[in-house]
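First, the structure itself, so that you have it in front of you.
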Amino acid sequence: MKVLVINGPNLNFLGIREPEVYGLKTLKELNEEIEILGRRLEIEVDFYQSNHEGQIIDKIQQSYNVIDYLIINPGALTHYGIGMRDAILSTGIKTIEVHLSNVYSREEFRHKSVISDIAIGKITGFGSESYKMALHYLNSLKK
Ligand code: DQA
């Protein structure tokens, strides 16, 4: 099973960015944890981060027929990234939406997601565990 983990805008600033909301773990540390779990579960995991919607769209398109599942934290694009939504729809890649913070306990504009309705599911509010829960779920799909 091949899984791509995409992180959107400002997630490269984890560790610096609003630590009271997102914690002190850097993106590198987060990805290392996911990679270790992936190895344990025998799931091949790749990582991509960009601050630009167009680059995220390119990456999703390039993943067409290449990966089995996408785990994505689109950052702020969650709330308005229609092009990213269209890329997920265009490729038909099965997607899990994840967030570090609980978007529902925050500002109202974060309650809306443009991809929740086309995702397998959404995990929000568990910090780095959100990504790992997604990976555990995908592992449960293996025959
Ligand atoms: C986030 C929540 C978004 O509202 C925010 O714009 C982010 C991070 C999260 O992981 O909690 O950049 O996706």
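What number of residues within segment 117-143 satisfy the criterion of being in a helix (DSSP H, G or I), surrounded by 15 or more Cβ atoms within 10 Å (Cβ to Cβ) and either within 13 Å of the ligand (Cβ to nearest atom) or among the hydroxyl-bearing types (S, T, Y) (or both)?
4
Please go through segment 1-38 and give me each residue that is among the small types (G, A, S) and more than 11 Å from the ligand (Cβ to nearest atom), ordered by number.
G15, G38
Could you run through segment 74-88 and say how many residues are buried (at least 18 other Cβ atoms within 10 Å of the Cβ), charged (D, E, K, R) and more than 16 Å from the ligand (Cβ to nearest atom)?
0
Could you go through segment 55-73 and let me know if any residue there is closer than 25 Å to V21 by Cα and within 10 Å of the ligand (Cβ to nearest atom).
yes
Can you tell which of I36, I57 is in contact with a helix residue (DSSP H, G or I) (Cβ under 7 Å, 6 or more places away or on another chain) and either in a helix (DSSP H, G or I) or at pLDDT below 95 (or both)?
I57
Residues that are out of contact with any Pro (no Cβ under 7 Å at 6 or more places or on another chain) and touching a residue at least 60 places away in the same chain (Cβ under 8 Å): does segment 82-91 have at least one?
no
Give the number of residues within segment 39-54 that are charged (D, E, K, R), part of a helix (DSSP H, G or I) and either in contact (Cβ under 8 Å) with a residue 24 or more places away in the chain or buried (at least 16 other Cβ atoms within 10 Å of the Cβ) (or both).
Total satisfying the criteria: 1.
Which residues, taken from segment 89-113, are within 12 Å of the ligand (Cβ to nearest atom) and of a type in the set (V, I, T)?
If the condition is that a residue be within 12 Å of the ligand (Cβ to nearest atom) and of a type in the set (V, I, T), then V98, V103 are the ones that fit.
The values are calculated or read from the model by the stated rules, or taken from the named source; none is laboratory data. For clarity, every value in this text was computed on a predicted model and none was experimentally measured. Because the Cβ atoms are built from the backbone with ideal geometry, glycine has one as well, and the counts that use them run over all protein chains shown.
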